[in-house]
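The structure appears below as structure tokens.
The values are calculated or read from the model by the stated rules, or taken from the named source; none is laboratory data. Keep in mind the model is a prediction, meaning the values are calculated, not measured. Because the Cβ atoms are built from the backbone with ideal geometry, glycine has one as well, and the counts that use them run over all protein chains shown.
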Amino acid sequence: MKFPVSIIFERKLNITLNDENIPEILEYIKTEIIKRKANNVLIEGDTISYEGSTSSARHDLFEYIVGKFSICYHNSEWRLRYRINLSKLFKVGLILSMALTLFIIISDGWEFWWIGILVFIWPVGAGWVTENIRHGTLASDLAEGIDGLIGWKKPEPEEKDESLKSWF
């Protein structure tokens, strides 16, 4: 499926990978997403996939999501690629909006049919934006964690001179 139902996040890794550290990285990703309540986590080759959540809480990070992590070499750099599929979110939103539209038509007639469209656009659109932000942050956090796991450290910013400088 294509955008907006399927979204890909790519984050640059600041490390060099080899056959020895890829399993360690995949295990790190697996433990991190299990901590965040991902369900049905599978490692297949160089990819990790999951489907749904083990949490009973509403609005859980992985609630309506099917996702896949992979590590790829692209444009002379290693990248963490994270693909999510939001089709369940769209299906649930469509069913709810159709049910509400039918209820409105039965109770108030055809003049308020457009409320069903708003019911689909507002919650599903807001959910889509929220899931993009949350999963984009997850991809960034995992990329930083992978860099730290292998030993890469962020360069320290240069210290600023504390003396007062004249503009003239």
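Tell me, please, whether a residue that is in contact (Cβ under 8 Å) with a residue 60 or more places away in the chain and of a type in the set (A, V, I, L, M, F, W, C) can be found in segment 48-66. Yes, because at least one residue in segment 48-66 is in contact (Cβ under 8 Å) with a residue 60 or more places away in the chain and of a type in the set (A, V, I, L, M, F, W, C).
Mind checking which residues of segment 25-36 are surrounded by 13 or more Cβ atoms within 10 Å (Cβ to Cβ) and not basic (Lys, Arg)?
If the condition is that a residue be surrounded by 13 or more Cβ atoms within 10 Å (Cβ to Cβ) and not basic (Lys, Arg), then 25, 26, 27, 28, 29, 32, 33, 34 are the ones that fit.
All conditions in (1) touching a residue at least 60 places away in the same chain (Cβ under 8 Å); (2) within 22 Å of residue 143 (Cα to Cα); (3) in contact with a helix residue (DSSP H, G or I) (Cβ under 8 Å, 6 or more places away or on another chain) hold for residue 4, with the sole exception of (2). In the set (1) in contact (Cβ under 8 Å) with a residue 12 or more places away in the chain; (2) over 14 Å from the mean Cα position of the chain (by Cα), residue 107 fails one condition alone, (1).
Cβ-Cβ distances below 8 Å connect the following pairs, each with a first residue in segment 80-91 that is farther than 28 Å from residue 22 by Cα, a second residue that is among the aliphatic types (A, V, I, L, M) and outside any helix (DSSP H, G or I), and a separation of six or more residues or different chains: 87/1; 87/5; 87/66; 88/65; 88/66; 89/65; 90/5. When segment 118-168 is filtered for residues that are at pLDDT below 90, of a type in the set (Ser, Thr, Tyr) and part of a helix (DSSP H, G or I), only 130 remains.
Candidates in segment 64-80 are the residues that are of a type in the set (Gly, Ala, Ser) and at negative phi; of these, the one that is surrounded by the most Cβ atoms within 10 Å (Cβ to Cβ) is 67. For segment 37-52, the set of residues classified as basic (Lys, Arg) and surrounded by fewer than 16 Cβ atoms within 10 Å (Cβ to Cβ) is empty.
Looking at 10, 32, 27, just one residue is under 17 Å from the mean Cα position of the chain (by Cα), closer than 17 Å to residue 145 by Cα and assigned to a helix (DSSP H, G or I), and that residue is 32. None of 87, 70, 76, 97 is under 18 Å from residue 46 (Cβ atoms) and of a type in the set (S, T, N, Q) except 70. Scanning segment 36-47 for residues that are outside any loop (DSSP other than H, G, I, E, B) and under 15 Å from the mean Cα position of the chain (by Cα) yields one hit, 38. Restricting attention to segment 61-97, the residues that are under 30 Å from residue 113 (Cβ atoms) and part of a loop (DSSP other than H, G, I, E, B) add up to 3.
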